[in-house]
1. Scan the range 241-259 and tell me whether some residue there is modelled with pLDDT of 95 or more, more than 22 Å from TYR155 (Cα to Cα) and not in a loop (DSSP other than H, G, I, E, B).
2. Return yes when ASP314 is on the phi < 0 side of the Ramachandran plot, assigned to a helix (DSSP H, G or I) and at pLDDT 95 or above and no when it is not.
3. Which strands (runs of 3 or more DSSP E) does the range 114-205 wholly contain that include 2 or more residues that are more than 11 Å from the ligand (Cβ to nearest atom) and over 23 Å from the mean Cα position of the chain (by Cα)?
4. Select from the range 1-14 the residues that are of a type in the set (A, V, I, L, M, F, W, C) and either within 14 Å of the ligand (Cβ to nearest atom) or open to solvent by 50 Å² or more (accessible area, probe 1.4 Å) (or both) and list them in ascending order.
5. With respect to PRO272, is the statement that it is within 30 Å of VAL70 (Cβ to Cβ) and under 22 Å from the mean Cα position of the chain (by Cα) true?
6. Of all residues in the range 75-91, which are open to solvent by 70 Å² or more (accessible area, probe 1.4 Å) and either part of a loop (DSSP other than H, G, I, E, B) or touching a strand residue (DSSP E or B) at 6+ places or on another chain (Cβ under 9 Å) (or both)?
7. Regarding GLU39, is this residue over 24 Å from SER97 (Cα atoms), of a type in the set (Asp, Glu), within 12 Å of the ligand (Cβ to nearest atom) and modelled with pLDDT of 95 or more?
8. Here are VAL17, VAL28, VAL58: which of them is open to solvent by less than 20 Å² (accessible area, probe 1.4 Å) and either within 15 Å of the ligand (Cβ to nearest atom) or assigned to a loop (DSSP other than H, G, I, E, B) (or both)?
Amino acid sequence: MSGLFTAAFLRKIGWDVDVFERSPVELVGRGAGITTHPELIEALEASGAGTQDLGIEVERRITLDREGRVIAERKLPQLMTSWDRLQRLLRGTIDESRYHLGRAFVRLEQNGLEVRAYFRDGSFETGDLLVGGDGIRSAVRASVAPDVQPIYAGYYIWRGAPNESDLEPATLESIFPYYAFYFPERQQVLGYPIAGFNDDMRPGHRRYNFIWYRVGDADRLRQMCVDERGEQHDYSVPPPLIRKDLIAEMRREAEAIMPPVLLDCLNKIERPFFTPIYDFSTPNIVFGRVVLVGDAGASSRPHMGFGVAKAAGDAQALAGFLGEYEDIDAALARYNDVRQPYGERVMLHGRKLGTHLGVNLKTEEDHRMWQLLQDHRAMMDWIAVPNFLAA
Ligand SMILES: Cc1cc2nc3c(=O)[nH]c(=O)nc-3n(C[C@H](O)[C@H](O)[C@H](O)COP(=O)(O)OP(=O)(O)OC[C@H]3O[C@@H](n4cnc5c(N)ncnc54)[C@H](O)[C@@H]3O)c2cc1C
């Protein structure tokens with residue numbers, strides 16, 4: 001996302017941009033839901049990607065109890081999009097010949113005026129600027145700030161997106177149109193509708209984005225990261241390799257705590273997968289002619305649903321300063337001054353919301369926040385709401 005946004009914005013100010021993507025195949029079908037924010041909508045318009053058929057609007061939020069009864073609700077219209085739709089809109093801004101699949105960045109050299117990026121296939125490219133939009137495990141960041149490492153939050157999520165057509169009538173009626181929440185002790189379950197395969201938004205063809213937050217320490221995570229073949233992974237396991245016994249255990253535990261409509265969603269996810277939650281920020285996001293954008297520069301826990309909006313904002317600010325200043329280095333210094341503290345603020349806000357799960361509470365403020373968020377109505381007022389930094 002950050003790479004595509006950067007390319008779109010830099011092209012608009014007349015730069016020559018190429019995007020190098022590690023994956024050898026098109027990144028489609030990821031199926032993840034993305035909550036939108038006004039900043040994201042504005043950046044999509046300004047980048048030229050536009051917002052056509054961006055997503056599904058939910059009118060309200062609801063919280064369920066163990067039986068599936070609505071115990072609280074809030075009117076809060078919000079547009080829910082998906083990773084696939086955003087990718088498609090942004091790809092439309094870039095000439096096919098400037099988007100290069102199968103080019104994994106491995107290292108760089110710079111001399112103050114130019115940067116050379118080397119790729120795993122032995123090729124290299126030289127430019128005025130190298131923008132690392134390569135995500136939370138950024139190889140670009142590892143080249144310039146090797147000590148910066150994402151920090152495990154002490155919890156992870158099970159997730160997936162069942163097809164609308166597979167869900168029971170009661171599920172379709174009671175939760176499908178809404179941003180639905182359920183808060184068992186030290187857990188969060190949430191869901192919302194997103195487009196179906198191929199961005200299909202027709203009723204009957206959509207999906208329901210389902211997320212279940214659970215606490216698990218580093219040992220537990222290490223054990224979860226042993227795959228079906230007995231191989232240990234560092235951070236997460238590719239969905240097809242997640243151990244069957246782990247999935248069976250998760251399904252059993254869900255039976256014991258979930259309202260029937262949420263259980264229906266989970267049971268209709270053919271291949272649930274887990275994602276450990278990490279965050280971090282770094283004191284600098286500019287290193288000579290190397291710049292970090294999006295999750296590479298700072299990544300927050302997903303409670304605000306703001307990662308793509310922040311990635312878009314980084315790209316927009318970078319191009320804004322490069323367009324404004326004659327001198328590239330002065331523009332980059334300004335980018336660092338403005339966006340580094342911003343990324344850190346967003347990251348800290350995510351930690352605040354994460355206190356709900358009661359992991360690693362240290363300060364009085366942590367405990368105060370934890371207390372506040374034990375009320376499900378407060379959670380509806382804080383989770384993924386627009387303009388949260390202004391509050
Ligand atoms: C559970 C969960 C829910 C979320 N929900 C939301 C939400 O509702 N709303 C929202 O806005 N955000 C959400 N986010 C956050 C959002 O997904 C990220 O913030 C966003 O994807 C960051 O974009 P990025 O481009 O910086 O990184 P990425 O999306 O990780 O993209 C990095 C790209 O770089 C490529 N790459 C990696 N290494 C290399 C290399 N060495 N060479 C070349 N290419 C490379 C990768 O293949 C990938 O295409 C969520 C995140 C999680 C985990």
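1. Within the range 241-259 (the criterion being modelled with pLDDT of 95 or more, more than 22 Å from TYR155 (Cα to Cα) and not in a loop (DSSP other than H, G, I, E, B)), the answer is no, since none of the residues qualifies.
2. yes
3. Because the criterion is at least 2 residues that are more than 11 Å from the ligand (Cβ to nearest atom) and over 23 Å from the mean Cα position of the chain (by Cα), the strands (runs of 3 or more DSSP E) in the range 114-205 that meet it are 115-119, 124-127.
4. Answer for the range 1-14, where residues must be of a type in the set (A, V, I, L, M, F, W, C) and either within 14 Å of the ligand (Cβ to nearest atom) or open to solvent by 50 Å² or more (accessible area, probe 1.4 Å) (or both): MET1, LEU4, PHE5, ALA7, ALA8, PHE9, ILE13.
5. When the stated conditions are applied, PRO272 passes them.
6. The answer is LYS75, and nothing else.
7. yes
8. Answer to the check: VAL58.
The values are calculated or read from the model by the stated rules, or taken from the named source; none is laboratory data. Quick caveat: nothing in here was measured; it's all calculated off a predicted structure. No Cβ is skipped: glycine too gets one built from the backbone with ideal geometry, and neighbour counts run over all protein chains shown. Only protein heavy atoms, including side chains, enter the accessible area calculation; ligands, DNA and RNA are left aside. Shrake-Rupley method; radii C 1.70, N 1.55, O 1.52, S 1.80 Å.
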